[in-house]
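Reviewing the structure listed below.
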Amino acid sequence: MQETPEPLRDPNVRWHAGTADEALRARCARQRGVTLWLTGLSGSGKSTIAVELERSLLEAGSLAFRLDGDNLRHGLNAGVGFDAAGRQEAVRRAGEAALLVAGAGAVAIVGMISPYRADRDRVRARHAEAGIPFLEVHVDAPLAVAESRDPKGLYAKARAGEIKGFTGIDDPYEAPAAPEIVVRTHERSIAECVAALQAAACAAARIEA
């Protein structure tokens, strides 16, 4: 995959550091910010799990905010293409948004196909620079299972040639090499997957379960 260049930095734009540090935010939020990045094929269950995880965390009294890949394309990622360069930019923007959410002390829940390993690794590196925990979650379902669900009818369109460069059909999905968590939605219920992710999020955010 051809990499797009990093965004140009305007020399007249400077970073304004604040005096509120992570410890202060954690004390106010009663938790530490963390990002859970759910990646997987279309139809693997990312959005369903993310919705339920956000609700479950909030009901338990934990700050959480969901950043859905499709939702972001209505605003932050509006106009960004679906080619390799566009997907790379969409993931970069989502990663920066997750940093803002987690930096405020909340659990950022990102659900995106984010098919290319290098793009996800860059988001992980940005979190490492900021000292914010990043948990990569592989929402794993075999292609045949994901395609049988086809909630948006996209696989059918891709098979018919109406959509080009569709992940899993004529464009690759690069599964995480060493994800922190793997949930197999063809083997476990949504409730079981959510419970596993909530436990991981609470541990990383130092939330008392």
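Put simply, of 113, 169, 132 the only residue that is in contact with a Gly (Cβ under 6 Å, 6 or more places away or on another chain), assigned to a loop (DSSP other than H, G, I, E, B), buried (at least 16 other Cβ atoms within 10 Å of the Cβ) and at pLDDT 95 or above is 132.
Starting from region 179-199, keep only residues that are closer than 13 Å to residue 53 by Cβ and free of Cβ contacts under 8 Å to residues at least 40 places away in the same chain, then list their pairs with residues that are outside any helix (DSSP H, G or I) and of a type in the set (Val, Ile, Thr) whose Cβ atoms are within a distance under 7 Å, requiring at least 6 positions of separation or different chains. From residues that are closer than 13 Å to residue 53 by Cβ and free of Cβ contacts under 8 Å to residues at least 40 places away in the same chain, the pairs are 196/181; 196/183. Evaluating residue 158 against the criteria (1) without any contact (Cβ under 8 Å) to a residue 60 or more places away in the chain; (2) surrounded by fewer than 17 Cβ atoms within 10 Å (Cβ to Cβ); (3) closer than 26 Å to residue 84 by Cβ leaves one unmet condition, (2). When the residues of region 135-155 are filtered to those that are charged (D, E, K, R) and part of a helix (DSSP H, G or I), which remaining residue is surrounded by the fewest Cβ atoms within 10 Å (Cβ to Cβ)? Applying the filter and picking the extreme gives 149. Has region 51-72 got at least one residue that is closer than 30 Å to residue 23 by Cα, among the polar types (S, T, N, Q), touching a residue at least 40 places away in the same chain (Cβ under 8 Å) and assigned to a helix (DSSP H, G or I)? Looking for residues that are closer than 30 Å to residue 23 by Cα, among the polar types (S, T, N, Q), touching a residue at least 40 places away in the same chain (Cβ under 8 Å) and assigned to a helix (DSSP H, G or I), one finds at least one in region 51-72, hence yes.
The values are calculated or read from the model by the stated rules, or taken from the named source; none is laboratory data. This is a predicted model, so every value here is computed, not measured. Neighbour counts are summed over all protein chains in view; Cβ atoms, including those assigned to glycine, are modelled from backbone coordinates with ideal geometry.
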